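The values are calculated or read from the model by the stated rules, or taken from the named source; none is laboratory data. Quantities reported herein were computed from a predicted structural model and do not represent experimental measurements. Cβ placement follows ideal geometry from the backbone for every residue including glycine, while neighbour counts extend to all protein chains displayed. Ligands, DNA and RNA are stripped out before the accessible areas are found, and what is left, the full protein with its side chains, is counted by its heavy atoms. Shrake-Rupley method; radii C 1.70, N 1.55, O 1.52, S 1.80 Å.
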Amino acid sequence: MRVVIAEDSVLLREGLTRLLTDLGHDVVAGVGDAEALIKTVGDLAGQGALPDVVVADVRMPPTHTDEGVRAAVRLRKDYPDIGVLVLSQYVEEQYATELLAGSSRGVGYLLKDRVAEVREFVDAVVRVAQGGTALDPEVVAQLLGRSRKQDVLAGLTPREREVLGLMAEGRTNSAVAKQLVVSDGAVEKHVSNIFLKLGLSPSDGDHRRVLAVLTYLNS
């Protein structure tokens, strides 16, 4: 896996680089601001060597507001094949919504505390690099909590909401079943009901798992 890291904290940037390289991944560049991130990816694209995934801080110089996430959104638009995983100190719904508003492929939003859980963090980076989704449980909780004001999820049972939240974290059906201590078959039934109630047809393919979470965001 080829990775570009954008983080203005040198300590964290070097830590992430060491963590990923120790596990056999190739960190091809590490930068400290959004402008450098966009330039670096552009240069790699010109060399025919696009990274598989970009890991970027939401807040970066010079204003430390939204430079990182805006760069991430731009990269997703310019290079659809690159996975983008953003890191944030806190759950910022506006940024999460902006990042998730486009294609559902290869996107992640994690709190920085999650980096300390090494295996989960690396699994999330790999999943995003492979075109999957990785959303922090706290992000999912806030986004789904806000949806209670919407009618779009009103038809879901409490258990279906719980399954939906775990799905949005990027968990497989088997992982959801293990978390809830139920059978795989029970989870498959809940997932089918969720898709049905949200009007997501089989033609939507595997992305129904993400669309199920994004449906209320775009309502």
Taking the chain as a Gaussian network, Cα atoms linked when under 10 Å apart, which of L110, L20, L44 shows the biggest mean-square fluctuation? L44
Test of understanding: in a Gaussian network model of the chain with alpha carbons linked when under 10 Å, which of V27, V128, V118 would top the mean-square fluctuation ranking? V118
Taking the solvent-accessible surface of protein heavy atoms with a 1.4 Å probe, what is the per residue accessible area of the chain in Å²? 48
Taking the chain and dividing mean pair separation by its residue count, relative contact order in percent (alpha carbons under 8 Å, at least six apart): 14
Using the charge dipole of the chain (Lys, Arg: +1 at Cβ; Asp, Glu: -1 at Cβ; taken about the Cα centre), state which of V91, G155, L110 has its Cα farthest towards the positive end. G155
Could you tell me how many degrees, from 0 to 90 and to the nearest 10, lie between the Cα long axis of helix 137-146 and the main elongation axis, the longest principal axis, of the Cα atoms of the chain? 50
May I ask which residue of A34, N173, G68 lies farthest towards the positive end of the charge dipole of the chain, with charges of +1 (Lys, Arg) and -1 (Asp, Glu) on Cβ and the Cα centre as origin? N173
Check which residues have an amide H placed less than 5 Å from G83's amide H, if you skip close sequence neighbours. V53, V54
Beta bridge orientation in the chain: antiparallel %, DSSP, nearest 5: 0
Taking the stretch 23-122, how much of its Cα-Cα pair set, in percent, is spaced more than 19 angstrom apart? 40
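Probe radius 1.4 Å, ligands and nucleic acids ignored: give me the carbon and sulfur share of the accessible area of the chain as a rounded percent. Numbers along the way, then the final one.
On the way: 5210 of 10470 Å².
Carbon with sulfur: 50 percent of the solvent-accessible area.
Quick one: what do you get for the chain if you divide its Cα Rg by 2.2 N^0.38 Å? Display every interim value, and only then the final one.
Details: Rg = 17.4 Å, N = 219, 2.2 N^0.38 = 17.1 Å.
Its radius of gyration relative to the 2.2 N^0.38 Å reference: 1.02.
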